[in-house]
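**Student:** Structure below; questions to follow.
Just so it is clear, none of the values below were taken in a lab; they were calculated from the coordinates. These figures come from a predicted structure and were not determined experimentally. Backbone-built Cβ (ideal geometry, glycine too); neighbour counts: all protein chains shown.
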């Protein structure tokens with residue numbers, strides 16, 4: 001008598017319905033997998049996880065209300081064995097580090113879904129981790145960099161919003177000289193030539209989102 005193989009139960013979290021449809025079609029076509037639930041933001045993701053306890057969760061990062069990293073953190077705090085794969089368009093090393101620190105087991109770029117998704121689901125279900133080579137290279141490139149402090153990230157985000165030093169000082173209730181000092185540190189840590197260059201690097205690496 002043949003034993004039915006155990007299905008890998010998958011939760012898909014993304015705010016784009018078309019992408020979720022594509023993932024559903026890929027997953028449900030496999031004999032060893034089943035999509036058990038979908039969510040369109042991080043808050044729903046946590047609720048659906050509690051309800052269905054999936055074996056593997058596919059999690060987008062940039063979503064309305066609660067983002068993917070906050071959702072991963074919440075799920076991991078309640079279910080430390082949760083196996084979560086980040087699915088994103090984003091190669092920024094800071095985003096990757098945040099996701100891995102939050103507890104993600106793997107990272108897939110959305111452009112590679114058709115090629116890599118099913119194998120990655122099976123690997124993560126089996127307890128393995130996976131980071132694509134191009135993202136690993138990006139991580140290695142910045143491994144020795146000084147991280148920006150929380151305050152420096154706030155300042156960089158406000159620079160990205162087009163604010164001058166005086167406006168930043170007023171908004172953060174700090175002196176203008178302190179803002180200048182933060183800007184100097186930001187340029188140094190990011191290897192940026194000026195404020196605009198610093199914002200470009202910050203966006204590319206996922207330090208800030210505008």
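**Student:** Is region 119-177 best put as rounded, prolate or oblate by its Cα gyration tensor, with a ≥ b ≥ c the root eigenvalues, rounded for a/c under 1.5, and otherwise prolate when a/b is larger than b/c, oblate when not?
**Tutor:** Because a/c hits 1.5 or more and a/b exceeds b/c, region 119-177 counts as prolate.
**Student:** Residues in region 123-144, backbone N under 19 Å from the label point at residue 76 (7 Å along the Cα-to-beta-carbon vector): list them, ranges by number please.
**Tutor:** So the set is 123-132, 135-136, 139-140, 143.
**Student:** Full extension from residue 119 to residue 209: what is 0.36 nm times the residue separation minus their Cα-Cα distance, to one decimal in nm?
**Tutor:** Length gained between residue 119 and residue 209: 29.3 nm.
**Student:** Could you put 7, 109 in order, starting from the residue whose Cβ has the fewest other Cβ atoms within 10 Å?
**Tutor:** Ordered by Cβ neighbours within 10 Å, fewest first: 7, 109.
**Student:** Okay, next question. Just rank 83, 157, fewest to most, by other beta-carbon atoms within 10 angstrom.
**Tutor:** Final ranking by Cβ density, sparse to dense: 157, 83.
**Student:** Something else: Label-point separation (nm) for residue 134 and residue 30, each offset 7 Å from Cα along Cα-to-Cβ?
**Tutor:** Result: 2.2 nm between the two label points.
**Student:** Return one number: the angle in degrees, 0 to 90 and rounded to the nearest 10, between the long axis of the Cα atoms of helix 93-102 and the longest principal axis of the Cα atoms of the chain.
**Tutor:** 60
**Student:** Per DSSP H run of at least 4 residues, take -39500 (n - 2.57); add these up for the chain, divide by its residues and hand me the 222 nm value, nearest 500 deg cm²/dmol.
**Tutor:** That calculation yields -16000 deg cm²/dmol at 222 nm.
**Student:** So, one more: Can you work out the PRE-style zone for residue 89? Point 7 Å along Cα to Cβ, and I want the residues of region 189-210 with backbone N under 16 Å.
**Tutor:** 203-206, 209-210
**Student:** Still on this structure, please answer the following. Relative to the longest principal axis of the C-alpha atoms of the chain, give the angle of the C-alpha long axis of helix 113-125, reported between 0 and 90° and rounded to the nearest 10°.
**Tutor:** For 113-125 against the chain, the angle is about 80 degrees.
**Student:** Further question on the same structure: With N denoting the number of residues in region 50-125, provide Rg(C-alpha) divided by 2.2 N^0.38 Å, to two decimal places.
**Tutor:** 1.03
**Student:** When the convex hull of the C-alpha atoms of region 81-137 is computed, what volume per residue in Å³ does it have?
**Tutor:** Hull volume normalised by residue count: 71 Å³.
**Student:** Using alpha carbons only, how many degrees (0 to 90, rounded to 10) separate the axis of helix 17-28 from the longest principal axis of the chain?
**Tutor:** 40
**Student:** Sticking with this one: Name the residue, out of 37, 102, 137, whose mean-square fluctuation peaks in a Gaussian network model built on the chain with Cα pairs under 10 Å.
**Tutor:** 137
**Student:** FRET efficiency for residue 196 and residue 167, Cβ-Cβ distance as r, R0 = 22 Å, nearest 0.05?
**Tutor:** Efficiency, rounded to the nearest 0.05: 0.85.
**Student:** Between residue 53 and residue 177, what FRET efficiency follows from the Cβ-Cβ distance if R0 is 35 Å, with the result rounded to 0.05?
**Tutor:** With R0 = 35 Å, the Cβ-Cβ based efficiency is 0.05.
**Student:** Return P(r) of region 93-204 (all Cα-Cα pairs; 5 Å bins starting at 0; whole %; ordered from short to long distances).
**Tutor:** Pairs per bin, as whole percents: 2, 10, 18, 17, 14, 11, 10, 8, 5, 3, 1.
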